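Here's the structure we're looking at; comments come further down.
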Amino acid sequence: MTYKPEELAADSKSVFGFFTYLMTDLVLFAALFATYAVLHSGVFGGPESEQIFNAPFALLETVILLASSFSCGMSLLAARRGSSRGVLTSLALTFILGGTFVVLELSEFARLAANGAGPGVSAFLSSYFTLVGTHGLHVAIGLVWMAALCVSIYARGLTRGNMRKLALLSLFWHFLDIIWIFIFTIVYLAGIIL
Amino acid sequence: MTLSHFIFGNLSFAALPENAIAWGGALVVVGGVLVVLALITFFNAWGWIWRDWLTSLDPKRIGIMYILVSVVMFVRGLFDVGLMRVQQATSVGDAHGILTATHFQEIFSAHGSIMIFFVAMGFMFGIVNLVLPLQIGARDVAFPFLNSASFWLFSAGAALINLSLIVGDFSTAGWLSYPPLSELAYSPTSGVDYWIWSLQIAGIGSLLSGVNFLATIVKMRARGMSYMKMPMFAWTVFGAMVLVVFAFPVLTVTLALLSLDRTLGMHFFTAAGGGNMMMYVNLIWAWGHPEVYILILPAFGIFSEVVATFSGKKLAGYVSMVYAIWAIVFLSWLVWLHHFFTMGAGADVNAFFGIMTAVIAIPTGVKIFNWLFTMYRGRIRFTSPMLWFMGFVVLFTLGGVAGVVLSEPVADYQLHNSLFLVAHFHTMIVSGVLFGYFAGITYWFPKVTGFHLDERWGIRAFWLWLVGFILAFGPLYILGFMGATRRLDHYDPSLGWQWLFIVAAVGAFLIMLGFLSQIIQLVVSIRDRKLNPDTTGDPWYGRTLEWSMRSPAPEYNFAVLPEVTERDEFWEMKKAALPRTAPAYEDIEVPRNSGAGILIGAFATVIGFGIIWHIWWLLVVGLVGVAACIIMRTFDEDTERVIPAAEVARIENMKTI
């Protein structure tokens, strides 16, 4: 594939802009992590982190999300080959894995709330639900984006615009993976060990 | 939950205004909107407004709309000033002034929020939209549609904060709404929610603008314009946008957490439940301190352009100016704790933040001296932008010295929460930020409209503002030393403060006359636009690229994209006096209009209103609406329109006005 120089300029502009947006999102998560760290001990007589977190379950979520990142990467490889069928297949797989992750997270939230550990119980739980829930919300928005992009690729094929959106979506998806690694480490692992 | 609660949430007739002054405010808002709508209909201007303005993606038009919204909000902010000044001048001893204590609190909370978020930020993004692409030799911003969406989110926030005049009340918790006062237990009405959601929506708009302008500066400079050849205004915007990108997400989080406390019963900052109020104060100032530099840096940039142009000299110390900007950007992250020295963080922590705060005076001082050196032995023209600069340089230095006084924790323990502080930050924001934006608007007005602002009314406005400012805030410095705390709605006559408050009130009314002069200036200038046109495109004998094209600047900015070789490129071009050859025009692509931006703004208003009043179906409608607008927009691949070369040639050879 060959592109006109102004098209490449437009792409580098989009990637730069989107990266800048991701950095703002990183600051947003940093503020949430800081809040979680400060409020971690604010249990107010309610449950503490090691009493409620389920490490194997969090590991399962981690594996599923990392697997979805792998299939997302596969969709970029398929796009480079010019195979829109390959892109759609791997995006569908990514969507299923991402959707499973969101469902698992919601079930975790429901389990906690049912066991008297809802977000209104203590400052610790408020910050836990908000930090993890904000990540989950990002994943859910990513799923909506992915579905819309699949429709567009199905209807129009791998146009220049769709290629660009796919590249940005994959940046977004890997970014959410990195955030999750931090959540897994700081919230779940540290919460159980410390 | 009853059916009516499902439909109307917490909304009821009790939400209508309670007293005469509040009714007055509500009627002014409703009446103003109705008059504007009637005028548009009467002049049959809906098509023109929709096509040329509301859906336009041209940054110059978006910039003008930003400034218009800010002017409207300025009027409201100044009404608040009038009420507060009358209250404090008259509410002594047995007399209790014109306002109830609650209403007074609503008014000072609204004044601060409006002046920072909807006046200063609006003017700033307005001027950046008007000037930045022109200065760096670009035809547009990096993401034109995002720019329109940002503007409409800003407007949605402004609409919500004005809606609080009609339906419900406004926050009484001050412009930064510290908990626990701002929590549901102590502020049970919708006021704080209005504050949260008008700022949240406008703040997201600002964040997206920050991303947009940062990408514009990094990716869209003219060929040959290396960073060290950028005009100083572009440099300051660069610094300010880096601050926006890093600071505004923190505001988003802080407001969201407070809203979660109030709406979903969480415990981030509540007094009970293990919450930590000081976390809020830390977070809000981690955004809030960079915010003041976000406002002042572009004003510094404007003054740099104005001083160089009207002194007829190149800016002194360009490189040191650039380093000073980045020193300020860096240091602005290390000073937030000086807003709450009295929290009790301990001597070591306070000492660190005190020293860091005092250190900021150094890069700022570098800039002050560079401007003075630029004037030294220059051929100075005393136009009104230059007058704003000279007023600024005196007052800002005094206010800055007051800031260094406050940066000492020992002094701060005495002066914090006093009118001395109020006087200090008004000196920085009025004589620094606002004077800068006034200078900028006067300076670039001909480039955008094709005619000058009336100079006589401009000079009158300047003197009224200057004298008014000194009279309004001089007494507050003194009152602060005498122990007058801020946000005081009543005091005892034995304190002997009243005459100072009366002087301050006189000053405030002079400022209002200054503002009125600026409105008259605008009306007179539009009336006499044929008498004072800018026929050359270079009315001030300018130095930078924006003066190289005709005025008003055409939609595509540059008919032929410039190639830059020098720092003051246009000045060097004029010195070299190259023979003018008829350029070969090409087709130019510009973005098509889009109505999606204004729709996103409308749905964002719906989201805010739904959450404020707990009308959950309305929230769903708003969210689905925003999502639908964004998805529809991404599916639209036909977003550009071509201006043919012949049309470009016709516009370029057209006579001005």
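The values are calculated or read from the model by the stated rules, or taken from the named source; none is laboratory data. What you are looking at is a predicted structure, and each value in this text was computed from that prediction instead of being measured. Ideal geometry is used to build each Cβ from the backbone, glycine not excepted, and the neighbour counts take in all protein chains shown. SASA here: full protein model, heavy atoms, side chains in, ligands and nucleic acids out. Shrake-Rupley method; radii C 1.70, N 1.55, O 1.52, S 1.80 Å.
Within the stretch B:253-269, take every residue that is open to solvent by less than 20 Å² (accessible area, probe 1.4 Å) and either polar (S, T, N, Q) or assigned to a loop (DSSP other than H, G, I, E, B) (or both) and give me the one that is nearest to the other protein chains (Cβ to nearest Cβ). Talk me through it step by step, then tell me what you get.
Going through the stretch B:253-269, the residues open to solvent by less than 20 Å² (accessible area, probe 1.4 Å) turn out to be B:253-255, B:257-259, B:261-262, B:266, B:268-269.
Filter again for either polar (S, T, N, Q) or assigned to a loop (DSSP other than H, G, I, E, B) (or both), leaving B:254, B:259, B:266, B:268-269.
On the way: B:Thr254: 7, B:Ser259: 11, B:Met266: 4, B:Phe268: 5, B:Phe269: 8 Å.
For the stretch B:253-269, the residue satisfying everything is B:Met266.
Inspect the stretch B:319-332 for any residue being under 23 Å from the mean Cα position of the chain (by Cα) and part of a loop (DSSP other than H, G, I, E, B) and give the result as yes or no.
yes
Filter the stretch A:48-85 for residues that are part of a helix (DSSP H, G or I) and of a type in the set (Phe, Trp, Tyr); which is nearest to the other protein chains (Cβ to nearest Cβ)?
A:Phe57
Taking the stretch B:414-462 as the region of interest, how many residues are under 25 Å from B:Val292 (Cα atoms) and either aliphatic (A, V, I, L, M) or more than 21 Å from the chain's Cα centre (by Cα) (or both)?
18
Does at least one position in the stretch B:112-126 carry a residue that is in contact with a Lys or Arg (Cβ under 8 Å, 6 or more places away or on another chain), polar (S, T, N, Q), modelled with pLDDT of 95 or more and buried (at least 21 other Cβ atoms within 10 Å of the Cβ)?
no
Return a yes/no flag: does the stretch A:177-194 have any residue that is polar (S, T, N, Q) and within 12 Å of another protein chain (Cβ to nearest Cβ). Break it down stepwise before answering.
From the stretch A:177-194, those polar (S, T, N, Q) are A:185; that's our starting set.
From what's left, within 12 Å of another protein chain (Cβ to nearest Cβ): none.
No, every residue in the stretch A:177-194 fails to be polar (S, T, N, Q) and within 12 Å of another protein chain (Cβ to nearest Cβ).
When you scan the stretch A:21-47, how many residues do you find that are under 16 Å from A:Phe124 (Cα atoms), at the interface with chain B (Cβ under 7 Å from one of its Cβ atoms) and hydroxyl-bearing (Ser, Thr, Tyr)? Break it down into steps so the answer makes sense when it comes.
Residues of the stretch A:21-47 that are under 16 Å from A:Phe124 (Cα atoms), as a first pass: A:31-47.
Restricting the remaining residues to those that are at the interface with chain B (Cβ under 7 Å from one of its Cβ atoms) gives A:31-32, A:35, A:38-39, A:42-44.
Checking which are hydroxyl-bearing (Ser, Thr, Tyr) leaves us with A:35.
Selection size over the stretch A:21-47: 1.
Say we look at the stretch A:101-123 and pick out the residues that are facing another protein chain (nearest Cβ under 9 Å) and of a type in the set (A, V, I, L, M, F, W, C); which of these is surrounded by the most Cβ atoms within 10 Å (Cβ to Cβ)?
Taking the candidates together, the pick is A:Ala123.
The rows are residues; the columns are (1) among the β-branched types (Val, Ile, Thr); (2) touching a helix residue (DSSP H, G or I) at 6+ places or on another chain (Cβ under 6 Å); (3) in a helix (DSSP H, G or I); (4) closer than 30 Å to B:Gly9 by Cα.
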site	(1), (2), (3), (4)
B:Met124	no, yes, yes, no
B:Leu132	no, yes, yes, no
B:Gly137	no, yes, no, no
B:Ser150	no, yes, yes, yes
B:Leu163	no, no, yes, yes
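Determine which member of the set B:Ile607, B:Ile588, B:Ile612 is more than 30 Å from B:Val306 (Cα to Cα), surrounded by 18 or more Cβ atoms within 10 Å (Cβ to Cβ) and within 14 Å of chain A (Cβ to nearest Cβ).
B:Ile588
Among the residues of the stretch B:210-246, write down those that are closer than 15 Å to A:Met23 by Cβ and either in contact with an Asp or Glu (Cβ under 6 Å, 6 or more places away or on another chain) or polar (S, T, N, Q) (or both).
Hit for the stretch B:210-246 is B:Asn212, nothing else.
What number of residues within the stretch B:191-233 are away from chain A (no Cβ under 14 Å) and within 25 Å of the chain's Cα centre (by Cα)? Step through it out loud before you land on a result.
Initially, the stretch B:191-233 is screened for residues away from chain A (no Cβ under 14 Å), giving B:191-199, B:201-202, B:224-233.
Applying the additional criterion that residues be within 25 Å of the chain's Cα centre (by Cα) yields B:191-199, B:201-202, B:230-233.
Going through the stretch B:191-233 one residue at a time, the tally reaches 15.
Take the residues of the stretch B:175-186 that are under 14 Å from B:Phe117 (Cβ atoms) and not hydroxyl-bearing (Ser, Thr, Tyr): which is least open to solvent (accessible area, probe 1.4 Å)? I'd like the intermediate steps shown before the answer.
Within the stretch B:175-186, the first condition is being under 14 Å from B:Phe117 (Cβ atoms), and the residues that meet it are B:175-177.
Now restrict to residues that are not hydroxyl-bearing (Ser, Thr, Tyr): B:175-176.
On the way: B:Trp175: 42, B:Leu176: 8 Å².
Among residues in the stretch B:175-186 that are under 14 Å from B:Phe117 (Cβ atoms) and not hydroxyl-bearing (Ser, Thr, Tyr), the one least open to solvent (accessible area, probe 1.4 Å) is B:Leu176.
Restricting the search to the stretch B:630-648, which residues are hydrophobic (A, V, I, L, M, F, W, C), in contact (Cβ under 8 Å) with a residue 12 or more places away in the chain and either within 10 Å of chain A (Cβ to nearest Cβ) or more than 27 Å from B:Pro583 (Cβ to Cβ) (or both)?
B:Ile630, B:Met632
Quick check on B:Met375: is it in contact (Cβ under 8 Å) with a residue 40 or more places away in the chain, open to solvent by 60 Å² or more (accessible area, probe 1.4 Å), more than 24 Å from the chain's Cα centre (by Cα) and on the phi < 0 side of the Ramachandran plot?
no
Answer yes or no as to whether B:Ser150 is of a type in the set (Ser, Thr, Tyr) and within 14 Å of chain A (Cβ to nearest Cβ). Lay out the reasoning, then the answer.
On the way: of a type in the set (Ser, Thr, Tyr): yes; within 14 Å of chain A (Cβ to nearest Cβ): yes.
Criteria met by B:Ser150.
Out of A:Ser126, A:Ser170, A:Ser152, which single residue is touching a residue at least 60 places away in the same chain (Cβ under 8 Å), surrounded by 17 or more Cβ atoms within 10 Å (Cβ to Cβ) and farther than 18 Å from A:Leu66 by Cα? Lay out the reasoning, then the answer.
Details: A:Ser170 fails: farther than 18 Å from A:Leu66 by Cα; A:Ser152 fails: touching a residue at least 60 places away in the same chain (Cβ under 8 Å).
Testing whether each residue is touching a residue at least 60 places away in the same chain (Cβ under 8 Å), surrounded by 17 or more Cβ atoms within 10 Å (Cβ to Cβ) and farther than 18 Å from A:Leu66 by Cα leaves just A:Ser126.
So, in the stretch B:270-288, exactly how many residues are open to solvent by 10 Å² or more (accessible area, probe 1.4 Å) and either within 30 Å of B:Val393 (Cα to Cα) or away from chain A (no Cβ under 12 Å) (or both)?
Counting residues in the stretch B:270-288 that are open to solvent by 10 Å² or more (accessible area, probe 1.4 Å) and either within 30 Å of B:Val393 (Cα to Cα) or away from chain A (no Cβ under 12 Å) (or both) gives 2.
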